1. Please give the calculated 222 nm ellipticity per residue for the chain, where each DSSP H segment of at least 4 residues contributes -39500 (n - 2.57) and the sum is spread over every residue; nearest 500 deg cm²/dmol?
2. With +1 on each Lys and Arg Cβ and -1 on each Asp and Glu Cβ, and nothing else charged, work out how big the dipole of region 288-423 is about its Cα centre, in Debye to the nearest 20.
3. Percent antiparallel among DSSP beta bridges with both residues in the chain, to the nearest 5?
4. Between I255, Q215, G276, whose Cα lies farthest towards the positive end of the dipole of region 209-295 when Lys and Arg beta carbons carry +1 and Asp and Glu beta carbons carry -1, centred on the Cα centre?
5. Using the C-alpha atoms of region 300-350, what convex hull volume per residue, in cubic angstrom, is computed?
6. Straight-line reach from K29: which lysines fall under 21 Å, measuring Cα to Cα and dropping same-chain residues less than 8 apart?
7. Semi-axes of the chain's equivalent ellipsoid from the Cα gyration tensor, sqrt of 5 times each eigenvalue, largest first, rounded to whole Å?
8. If you build a Gaussian network model of the chain, linking Cα atoms that sit under 10 Å apart, which residue out of R110, R83, R341 swings the most?
Amino acid sequence: MSSRTSESLRSEADLLIPGGVNSPVRAWKAVGGATRFVRSGSGSHITDVEGRTYLDFVGSWGPLIHGHAHPQVLAAVSDALARGTSFGAPTEGEIELAKAITRFVPSIERVRLVSSGTEATMSALRVARAATGRDAIIKFAGCYHGHSDGLLVRAGSGATTLGIPDSPGVPRAIAELTRVARYNDLASVEQLADRDVAAIIVEPAAGNMGVVPAQPGFLQGLRRIADRNGTVLVFDEVISGFRLAKGGAQELSGIRPDLTCLGKVIGGGLPVGAYGGRADLMEQLAPKGAVYQAGTLSGNPLAVAAGLATLNLLEATPPYEKLERLGARLEQGLSRALGSRPGCVQRVGSLLTLFFGIERVRDYDDALNADTERFEKFFQAMLAEGVWLPPSQFEAWFLSTAHTEMEIDATIAAVERALVASD
Ligand code: PMP
């Protein structure tokens, strides 16, 4: 085992990997930058290379609904491992996972496995464009759907406008096909919706500007607008799928999308994404139809085994009441701890964000008013308390079935101290 410190590993990584990390948020830039290297995880805890153990509220950003290194997930992966890692030919497990997905999420009549959420959303939009023969899409400011060109567009604060790329390297011509509406604001969608729009893509419970629930009527309104214009409604349930309910946010809202994007939980911590929905849309895909989408490692046997074990656990022991109870306990405790300080706690099930400096967040413009300096101090104080939070004001805390009420209470006590320390 390496006896190196996070600091020396950071210096070495910096010379080899851009920013020292393989995904930007891991660099902790929003909270001072001194990220820590992780050695291992077990249940609700992770341990860094220095041997410090933390109570983890990141959970690999959502996949680990059963916690780290769950014995049944590990057993399924090691079983599959012994049979070989990849064949580039169909395997039985893929059918089992497809059966589980279509059973859990009734709007999914046909499903394709890919290797990331980014691939899922990118491919779903291709299917929607092929079906409609249209190029434009509508997304919402503050919703993240992976890093494909057309989706890396948020438009600046306050704007409800044609897309401007968020990143150099995204062709303007592609970004301009993306129209950006305001979350929870149907009027902003009405303004952009017409018969040139192939798809409306939305996080049915937003998790990428901090947690922002869809207000009553919002998803219904999107369904209505999509139907009126012959537009495909795409729910990005990469975070919410299998986490908020067996059937995701669509089960809770009762709104049936045409296509659904999945990831995170269905991979049990290994790289998997999926997209699926109406049979007539999905059967456009090659080799049945003409829409091309492929992947060397799509349906990878290890990832499928981890995903199946994860979904089997969800079915055998539904965790949703427990997650709701833990989430509500944490929400109430955080609100109490916040006291008269400006801020709010927003939660959907096992996803939660403590926002500083604002009383309510309904959309991205609200979120941008959050007090990020205060968050940075709070984050560092929580780290010193042994609690590993998402290193950004604009991310969700993820609960797992491995968290206990005692750990939630200990977290609330730590929050009370951290708030005082960061006042
Ligand atoms: N959609 C949503 C809602 C997400 O939260 C994410 C990732 N956080 C993605 C898509 C992209 O998934 P991936 O990182 O697996 O490409």
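1. Details: 14 runs with 153 residues, N = 423.
After summing the helix terms and dividing by the residues of the chain, the value is -11000 deg cm²/dmol.
2. Details: 12 positive and 18 negative charges, 53 e Å.
Around 260 debye, computed over region 288-423.
3. Details: 29 of 48 bridges.
Looking only at bridges with both residues in the chain, the antiparallel portion is about 60 percent.
4. After comparing all options, I get Q215.
5. Working: hull volume 4.6 nm³, N = 51.
Taking the convex hull of the Cα positions in region 300-350, it is 91 Å³ per residue.
6. K377
7. After diagonalising the Cα gyration tensor, the semi-axes are 32, 27, 21 Å.
8. The residue that fluctuates most here is R83.
Every number here is computed from the coordinates shown, using simple stated rules; none is lab data. Quantities reported herein were computed from a predicted structural model and do not represent experimental measurements. Quick reminder, even Gly has a Cβ in these numbers, built from the backbone with ideal geometry, and neighbours come from all protein chains shown.
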